[in-house]
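To start, the structure itself, in structure tokens.
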Amino acid sequence: MRVTFLGTGTSHGIPMIGCECPTCRSTDPRDTRLRPSIFIETPDTHVLVDAGPDLRVQALTHRITRVDAILFTHGHADHILGMDDVRRFNALKHGAMPCYGDARTLDDIRRVFGYVFDPATPKGGGLPQLELFRVVGPFSLGRQEVQPVPLLHGSRPILGFRLDGFAYLTDCSRIPDESWELLGHLDVLVLDALRVRPHPTHFSLSEAVAVAERIGADRTYFTHMCHDLGHEATCARLPAGLTLAYDGLVLEC
């Protein structure tokens, strides 16, 4: 399995508009962070996790020409607003795009992109072709089993996903009791770590470190980071086996 980090930033992205902090002005390319998303390639399936507003740039940067399905963690803007760019993948795959999420996320997609699902919408401008599938338990994409992992993003239930020994848990502030047993024996964990200060809907860095140490994956990478966390300085103080991810990082799992 090959995992590419397409974006590791928050909803603002980094650099933030109008910000002159050291991270936003950094010349280290690892401090430039698009909105959060990853691309997973297995021998028979290519899967996008979330489709944020930077999807077109991310696909061009990483030469993504094939997407077989999209997994959605939740329906916030920084995770779904690239849906109109799915049109190009429809053309490349000659068919509709299967999209998987919980009931609330699918409702968000239908509401935000109501024109896509309205039969009265003129077709001349081109519409993304989307097939929405509600996630209610483990399912398969090709030969790859996908295990949804229930999480809490503040008070909102959302989903993380586990594929074999890899787990992706973004935008979370708490892991429910029933989900811990789904996270054993991981090779790679990707976990939300927004900033140093506490936040009501995201793990802080210290909270993320504690969760990572409890899960005990062989390798842990933090994502969904704001400009509080400069890459080099933050990584230097993290425990062994824990580090910040960055846009363009590729993992072989």
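Side notes on the structure shown:
- Sorted by Cβ density within 10 Å, fewest first, the residues MET225, MET83, MET16: MET16, MET83, MET225
- Dipole size of the chain about its Cα centre, with +1 on Lys/Arg Cβ and -1 on Asp/Glu Cβ: approximately 540 debye, rounded to the nearest 20.
- Ordering ARG156, ARG33 from the fewest to the most neighbouring beta carbons within 10 Å gives ARG156, ARG33.
- Reducing the stretch 85-113 and the stretch 189-251 to their Cα centroids gives an inter-centroid distance of 29 Å.
- Per-residue extension of 0.36 nm, minus the Cα-Cα distance of GLU178 and ARG66, leaves a gain of 36.9 nm for this segment.
- Extension gain (nm, one decimal) between CYS19 and ASP187, 0.36 nm per residue minus Cα-Cα: 56.8 nm
- For MET225, the amide hydrogen comes within under 5 Å of the amide hydrogens of GLY9, THR10, counting only partners 5 or more places away or on other chains and with H modelled in the peptide plane.
- Among ARG63, ARG110, the ranking by other beta carbons within 10 Å of each residue's beta carbon, starting with the fewest, stands as ARG63, ARG110.
- Shown here are the Rg and Dmax of the Cα trace of the stretch 200-253, at 11.2, 33 Å.
- Here the calculated FRET efficiency for THR27 and ARG2, from their Cβ-Cβ distance with R0 = 30 Å, stands at 0.60, rounded to the nearest 0.05.
- Helix 205-215 and the long axis of the chain differ in direction by around 80°, with both axes built from C-alpha atoms.
- Most simply put, the chain has about 55% antiparallel DSSP beta bridges, counting only bridges with both residues inside it.
- Here the 3J(HN,Hα) profile of the stretch 20-28, calculated from phi with Karplus coefficients 6.51, -1.76 and 1.60 at θ = phi - 60°, is 10, 5, x, 5, 5, 9, 5, 8, 6 Hz, Gly and Pro shown as x.
- Hz values of 3J(HN,Hα) by residue in the stretch 111-122 - Karplus curve (6.51, -1.76, 1.60), Gly and Pro given as x: 6, 5, 10, x, 4, 5, 9, 8, x, 7, 5, x
- Nonlocal amide H pairs with LEU141, under 5 Å, H built at 1.01 Å: VAL146
- Which label in (1) 21.1; (2) 13.6; (3) 15.3 gives the computed mean projected area of the Cα convex hull in nm²: (2)
- Note that the stretch 51-57 has calculated 3J(HN,Hα) couplings of 9, x, x, 9, 4, 4, 5 Hz, one per residue in order, obtained from phi through the Karplus relation 6.51 cos²θ - 1.76 cosθ + 1.60 (θ = phi - 60°); glycine and proline are x.
None of the figures in this text is laboratory data; all of them are computed from the coordinates on show. Because the structure is a prediction, the values reported are computed rather than measured. Ideal geometry is used to build each Cβ from the backbone, glycine not excepted, and the neighbour counts take in all protein chains shown.
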